[in-house]
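Each value in this text was obtained by applying a stated rule to the coordinates, not by laboratory testing. In this text the structure is predicted, and so the values were computed from the model without any measurement. A quick note on method: Cβ atoms are made from the backbone with ideal geometry, for glycine too, and the neighbour counts reach across all protein chains shown.
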Amino acid sequence: MNSNPQLPLGLALKDSARFESFFPGLNNELVQHLQLAASGDGEHLVYIAGSSGMGKTHLLQAACHRAGQSGRRASYLPVNELIEVGPGVLEDLEQLDLICLDDASAAAGHADWETGLFDLFNRVRAAGSTLLVAAGQRPDQCGFALPDLVSRLGWGITFTLKPLGDEDVIASLACRARGRGLELPEETAQFLLRRFPRDLPTLFALFDTLDTASLIEQRRLTIPFVKSVLDNNT
């Protein structure tokens with residue numbers, strides 16, 4: 001079984017980016033489609049639209065992990081980090097079972113990249129592989145200059161990520177804690193929401209700091225302990 005999805009240019013998947021550590025909230029249908037697609041049983045094109053910090057990268061990397069667990073070859077490409085490298089990184093990707101393109105709208109306005117994505121789509125479709133695409137907006141709102149690319153990206157199923165409410169954010173933090181063998185008391189989660197912005201990347205970065213400190217000091221995530229750790233890191 002291939003448990004190490006292929007990654008170009010030394011890019012690495014986060015081990016914590018798993019479906020089990022993603023709290024879906026109102027996005028259950030999307031997660032189910034991605035799980036099926038990653039395993040080779042679902043749609044061959046799934047497009048995810050959503051603003052920054054809503055979990056698009058987590059979901060694409062989770063799909064790569066799931067594909068590897070299913071013995072499928074996968075690749076994760078953050079387009080915004082590869083623009084300067086050029087669309088040559090897209091060559092031969094159709095030979096893989098699953099291709100995940102993150103921040104695809106970064107290619108808008110780059111004629112060579114738009115053409116490269118269009119050609120990749122056609123090759124993937126002919127090969128019967130699966131393509132997952134994420135961007136900040138829906139295909140027709142990304143600013144692509146190539147109409148045929150917009151049209152192709154709309155051929156599959158498109159989801160717009162729904163934001164999490166405060167209760168869902170707390171549940172998401174608790175889910176992340178459980179994935180690391182920790183317990184996050186609700187009063188501690190509420191404290192974090194009162195003190196910091198409610199966007200998940202910020203809260204997850206804080207939780208990573210707390211997780212490390214908890215392991216080192218063998219302490220529970222109580223409010224006094226959390227305050228002491230955060231005060232020492234600000």
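Structure notes:
- The GluC sites (Glu not before Pro) of the stretch 110-196 meeting both criteria, a DSSP state outside H, G, I, E and B (loop) and at most 12 other C-beta atoms within 10 angstrom of the site's C-beta, are 183.
- Net length available on complete extension from residue 18 to residue 231 is 73.7 nm, with 0.36 nm assigned per residue and the Cα-Cα distance removed.
- Evaluated on the stretch 23-133, the Kirkwood hydrodynamic radius is 14.1 Å, with distances taken between all distinct Cα atoms.
- 70, 51 arranged by Cβ crowding within 10 Å, fewest neighbours leading: 51, 70
- FRET efficiency estimate (nearest 0.05) - Cβ-Cβ, residue 157 to residue 182, R0 35 angstrom: 0.50
- Only one of [x] 14.6; [y] 13.2; [z] 11.8 was calculated from the structure for mean projected area of the Cα convex hull in nm², and its label is [y].
- Ordering 95, 145, 31 by Cα displacement along the dipole of the stretch 8-160 toward the positive end leaves 31 in first place; charges were set at the Cβ atoms of Lys, Arg (+1) and Asp, Glu (-1).
- Under the criterion of Cα pairs below 8 Å and six or more residues apart, the relative contact order for the chain equals 22 percent.
- Dipole-positive endmost among 159, 132, 212 within the chain (Cβ charges, Cα centre): 212
- Here the Gaussian network model covers the chain, with springs between Cα atoms less than 10 Å apart; of 219, 125, 66, 219 fluctuates the most.
- Dipole magnitude for the stretch 1-154: computed about the Cα centre from +1 point charges on Lys and Arg Cβ and -1 point charges on Asp and Glu Cβ, it is near 380 debye.
- Pairwise FRET efficiency - residue 194 versus residue 43, Cβ, R0 = 35 Å, nearest 0.05: 0.30
- Three-way shape label, the stretch 45-104, alpha-carbon gyration tensor, a/c 1.5: oblate
- Those lysines that a straight Cα-Cα span of less than 20 Å connects to residue 14, excepting residues fewer than 8 apart in one chain: 56
- Estimated dipole of the stretch 118-234 in Debye, rounded to 20 [Cβ of Lys and Arg +1, of Asp and Glu -1, Cα centre]: 200 debye
- Taking 0.36 nm per residue of separation and subtracting the current Cα-Cα distance, fully stretching the chain between residue 111 and residue 35 would add 24.1 nm.
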